[in-house]
Every structure is written in C-alpha cells, then in structure tokens.
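Asker: Quick one: this structure, given as structure tokens, is what I'll be asking you about.
What follows draws every value from the coordinates through simple rules; no lab data is involved. Quantities reported herein were computed from a predicted structural model and do not represent experimental measurements. We place every Cβ from the backbone using ideal geometry, glycine too, and count neighbours over all the protein chains shown.
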Amino acid sequence: QQKVQQSPESLIVPEGGMASLNCTFSDRNSQYFWWYRQHSGEGPKALMSIFSNGDKKEGRFTAHLNKASLYVSLHIKDSQPSDSALYFCAVTSGGNYKPTFGKGTSLVVHP
Amino acid sequence: EAAVTQSPRNKVAVTGGKVTLSCNQTNNHNNMYWYRQDTGHGLRLIHYSYGAGSTEKGDIPDGYKASRPSQENFSLILELATPSQTSVYFCASGDQGEEQYFGPGTRLTVL
C-alpha cells in the first residue's frame, strides 16, 4: 500500500522568504503527483501538478520530482501571508484511481 | 468553474443513529471520492466511485457505506454512527491523475 510522508509538519517563514516542503512516497509505479493547498475552513484546492522528473515552475511556485529517489518537493519563493495554509502532497499510482495524501505541512508566513 | 457541493454543512448526530452525507458535482467527472480529515491524519480515503452504480472501498471503509445513484451524486452513509466518526468529511471529483475538485466539507459531530 502506498505510503506518503510529508515534512516538516509545520513551517514558519518570514514574508518574502522561501518555503520548502518535502514529500516522500513508497510506490515506484507512482505516476501522478499533485500539491494541494487548504486555507482554514475551506476544502483543499489544487496548486500544481508534476508528472515528469525535474522541475516545474508556475509563478512563485516550483515543484521538483525525482522518481528514482521517491521524492517530490514544493518551493514557494517570495512567500506571502496569504500563502499561510495547510499543504498536501497527493500521489497516484499508474492504473489506480486512488490518490494517497500525505498528512500535510502547516505553513505560516509572518509579516 | 468546476463545482462540488455538499450537504449538510454541519450535522450533529446521536450514537447509533443513521447519518447520510450528500455530494453533488457539476464537473461531469467519472470519479468521485469521500475523505475524512482529522488533525494529525491528513486526508484519508473512505470510499470512491468510478461512475454511476459503482462504489469501491478506500483505505478506511469500516463503518461507512457509499452510494452512487447517478454521475452527479455520491452519498456517504453511516448506518450506526459512533463518536469516533466525529470528523470533517470532504467529497471530491476528478478523473484519474487529474486535479481533484473538493467540496466545502461537512462537519459531523456524533454525541
């Protein structure tokens, strides 16, 4: 069964700083990797996906994937107080409709 | 804009009572999902569905049933509610490997 672990559990960064969130997974057949963000009192919303090894940049957000090392990460540049939220990594194996979510990283960006 | 709605938004039930949580999506997605979210556990998959008439067990199905009568609707049923099922429940829709769209959540308290 797929295991997805996120670190750190919580992270505090100053406004304008860089936030780095990490995620490891156990199934080498994993194919689909998504990052979700959840603000307090809301449902999670998709932030970005990455399906190929390497880096993918979308604005201030960069995702990195290394399938051989079973590792995916999210980096937030120039962090803003509005980025304060719970961030989830979600991993789906090929041929499988069941995504597995990590337990999340709580990010606080203080002004 | 893809939309997933849930009802009720808040529910208080008594131990041993029956609870039905409803979900509707207008995204025309084949796949729908029910998760529960608890502090320290992240999002855990209870049941999911590939399409109308199908239901599959997720990672924590015990004590829950699901029903998918149509493409748009997916219900989660607690036949005999217990205090351990107090949680926030999220419904989502999304095709394999693609972004999942989450509803706003239902806060369930079982007394």
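Asker: How many Lys pairs in the protein assembly as shown lie less than 13 angstrom apart by Cα atoms, where the lysines are 8 or more positions apart or on different chains?
Answerer: Count of close lysine pairs: 6.
Asker: Roughly how many Å is it from the Cα centre of the range B:1-48 to that of the range A:40-67, as a whole number?
Answerer: Cα centres, the range B:1-48 to the range A:40-67: 24 Å.
Asker: Could I ask something else about it? Using the basic label-point model (7 angstrom from Cα toward the beta carbon), what is the B:K57 to A:Q5 distance in nanometres?
Answerer: 2.7
Asker: Still on this model: With θ set to phi - 60° and the Karplus curve 6.51 cos²θ - 1.76 cosθ + 1.60, what are the ³J(HN,Hα) couplings of the range B:88-100 in order, to the nearest whole Hz, using x for Gly and Pro?
Answerer: The phi angles translate into 9, 10, 10, 9, 9, 10, x, 7, 4, x, 8, 4, 9 Hz.
Asker: Could you go through the range A:14-28 in sequence order and give the Karplus-derived ³J(HN,Hα) for each residue, using 6.51 cos²θ - 1.76 cosθ + 1.60 with θ = phi - 60°, rounded to whole Hz, and x for Gly and Pro?
Answerer: x, 4, x, x, 9, 10, 10, 10, 10, 8, 10, 9, 10, 8, 5
Asker: At R0 = 30 Å, how high is the FRET efficiency between B:A3 and A:K57 if r is their beta carbon distance? Nearest 0.05 is fine.
Answerer: 0.55
Asker: How much of the DSSP beta bridge set in the protein assembly as shown is antiparallel, as a percent to the nearest 5?
Answerer: DSSP beta bridges in the protein assembly as shown are roughly 90 percent antiparallel.
Asker: Cα atoms only: what Rg and Dmax, in Å, come out for chain B?
Answerer: 13.0, 39
Asker: Once you average over the residues of B:42-49, how many Cβ atoms of partner chains fall within 10 Å of each Cβ? Could the numbers behind the result be given before it?
Answerer: Values: counts 11, 12, 3, 4, 0, 0, 3, 1.
The mean count of partner-chain Cβ atoms within 10 Å per residue comes to 4.
Asker: Then there is this: Using the charge dipole of the protein assembly as shown (Lys, Arg: +1 at Cβ; Asp, Glu: -1 at Cβ; taken about the Cα centre), state which of B:G53, B:T15, A:S73 has its Cα farthest towards the positive end.
Answerer: So the residue furthest toward the plus end is B:T15.
Asker: May I pose another question? State to the nearest 20 debye the size of the charge dipole of the protein assembly as shown about its Cα centre, where the only charges are +1 on K and R beta carbons and -1 on D and E beta carbons.
Answerer: Details: 20 positive and 18 negative charges, 67 e Å.
The calculation lands at about 320 debye.
Asker: Next question, about the same structure. For chain A, build the charge dipole from Cβ charges (+1 Lys, Arg; -1 Asp, Glu) around the Cα centre, then report which of A:H64, A:Q38, A:L21 sits farthest towards its positive end.
Answerer: A:H64
Asker: What number, in percent, do you get for the relative contact order of chain B if the mean sequence gap of Cα pairs under 8 Å and at least 6 apart is divided by its residue count?
Answerer: On the way: 296 pairs, mean separation 39.6, N = 111.
Worked out over chain B, it gives 36 percent.
Asker: Taking a temperature of 25 °C and a viscosity of 0.890 mPa s, what whole-number D in µm²/s does Stokes-Einstein yield for chain A with Rh from Kirkwood over alpha carbon pairs?
Answerer: In µm²/s, the coefficient is 176.
Asker: How large is the dipole of the range A:1-100 about the Cα centre if only Lys and Arg carry +1 and Asp and Glu carry -1, each at its Cβ, rounded to the nearest 20 debye? Before the final figure, lay out each step's value.
Answerer: Numbers: 10 positive and 8 negative charges, 72 e Å.
Using Cβ point charges on Lys, Arg, Asp and Glu, the range A:1-100 gives about 340 debye.
Asker: When only C-alpha pairs under 8 Å and at least 6 residues apart count, what is the relative contact order of the range A:1-72, in percent?
Answerer: 26
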